[in-house]
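So the structure is just underneath, and the comments pick up after that.
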Amino acid sequence: PVVEASLHPYLRERLAGHLAIDVEHASADEVLERVRGLMAAQRRSREDEAVARLEQGLGTGEGAVAGPDDVLAAIEDRRVETLLVGSGSRDEQVERAVEGAVGQSAEVLVVEGGVIDRFGRVAALLRY
């Protein structure tokens, strides 16, 4: 609790959870093994949240776009907040989208399990 309270809010909001471990005797590999589950759960939660926002935005016609053409247009307009890419999506248009998103400091989220494939291999949550 002392360490957590002293963290910058930016870091504090990224905490995935807590675990009890003997810090004096545990190796780095032991710590990593213990936190893998927490990291995987946080990743799944972040993916689920982003896909839900995407579905809502596409359903209402605002706040999200899907498919390479619409995503690249949003990147060109510098409107992308988060780029969602399927874990197996690696073609020229997707690579251009990733490069463009990184160039405008957008988050790039690789979504596992083929979920993004039904949206055209790439999608984006928009800033405005």
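Here are the numbers for the structure shown:
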| read-out | value |
| --- | --- |
| Failed item, numbered, when VAL35 is tested on (1) closer than 26 Å to VAL98 by Cβ; (2) touching a Gly at 6+ places or on another chain (Cβ under 9 Å) | (1) |
| Residues of the stretch 10-53 classified as closer than 30 Å to VAL65 by Cβ and not basic (Lys, Arg), total | 14 |
| Total residues in the stretch 88-100, condition open to solvent by less than 10 Å² (accessible area, probe 1.4 Å) and in contact with a Leu (Cβ under 8 Å, 6 or more places away or on another chain) | 1 |
| Number of the condition not met by ALA50 [criteria: (1) under 16 Å from ASP117 (Cα atoms); (2) open to solvent by 90 Å² or more (accessible area, probe 1.4 Å)] | (2) |
| Enumeration of residues in the stretch 10-22 that are under 19 Å from MET39 (Cα atoms) and either without any contact (Cβ under 8 Å) to a residue 24 or more places away in the chain or among the hydrophobic types (A, V, I, L, M, F, W, C) (or both) | TYR10, LEU11, ARG12, GLU13, ARG14, LEU15, ALA16, HIS18, LEU19, ALA20, ILE21 |
| Count - residues of the stretch 35-47 that are free of Cβ contacts under 8 Å to residues at least 24 places away in the same chain and open to solvent by less than 60 Å² (accessible area, probe 1.4 Å) | 4 |
| Members of the stretch 1-31 that are outside any helix (DSSP H, G or I), β-branched (Val, Ile, Thr) and open to solvent by 60 Å² or more (accessible area, probe 1.4 Å) | VAL23 |
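Conditions tested, residue by residue: (1) in contact with a Lys or Arg (Cβ under 9 Å, 6 or more places away or on another chain); (2) among the hydroxyl-bearing types (Ser, Thr, Tyr); (3) without any contact (Cβ under 8 Å) to a residue 24 or more places away in the chain; (4) open to solvent by 70 Å² or more (accessible area, probe 1.4 Å).
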{"position": "GLU33", "(1), (2), (3), (4)": "no, no, yes, yes"}
{"position": "THR60", "(1), (2), (3), (4)": "no, yes, yes, yes"}
{"position": "VAL65", "(1), (2), (3), (4)": "yes, no, no, no"}
{"position": "GLU76", "(1), (2), (3), (4)": "no, no, no, yes"}
{"position": "GLY86", "(1), (2), (3), (4)": "yes, no, no, no"}
{"position": "VAL102", "(1), (2), (3), (4)": "no, no, yes, yes"}
{"position": "VAL110", "(1), (2), (3), (4)": "no, no, no, no"}
{"position": "ILE116", "(1), (2), (3), (4)": "no, no, no, no"}
{"position": "VAL122", "(1), (2), (3), (4)": "no, no, no, no"}
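The values are calculated or read from the model by the stated rules, or taken from the named source; none is laboratory data. Keep in mind that this is a model prediction, so the values were computed, not measured. Glycine gets a Cβ as well: all are built from the backbone with ideal geometry, and neighbour counts include every protein chain shown. Only protein heavy atoms, including side chains, enter the accessible area calculation; ligands, DNA and RNA are left aside. Shrake-Rupley method; radii C 1.70, N 1.55, O 1.52, S 1.80 Å.
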